Amino acid sequence: MASSVTAASEGSGGIEATDVGRAETAEAQIRTFIARRAEKNGEERPEEVMYAESVRRYHSRQRRETAALWFAHFCRMSENHARISEDYERRAEELCEEGKQQ
């Protein structure tokens, strides 16, 4: 990276390019410092914390959606069984009536 900063500083606006290079270097050093401090303290890095939270929210949403789908499935099954039960009751009553008539 030093060669690009040197090349930029030789042309017009070199001070600005050098400042950008220094800022990028400082930013990288700060990130490294934060990561090392977090590792030393046993903390997770902010990116890892945000990712873990994102995964938790995703799984929570998936569980809610799955639960809603299972609920709808069992409601349909309950309606189907109720309808079948009504049909069997009607048939049983018809058979009882036929038995009484004979």
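Every number in this text was worked out from the coordinates using simple rules, so none of it is lab data. Predicted, not measured: the structure shown is a model, and the values here were computed from it. Here the Cβ positions follow ideal geometry from the backbone for every residue, glycine too, while neighbour counts run over all protein chains shown.
The table below lists the values:
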quantity: Potential extension, Ala23-Glu86 segment - 0.36 nm per residue separation minus Cα distance; calculated: 14.9 nm
quantity: Approximate spin-label separation Arg63-Glu97, in nm, with each point projected 7 Å along Cα-to-Cβ; calculated: 5.3 nm
quantity: Simple label model, 7 Å out from Cα along Cβ direction - Glu53 to Ser78, nm; calculated: 3.8 nm
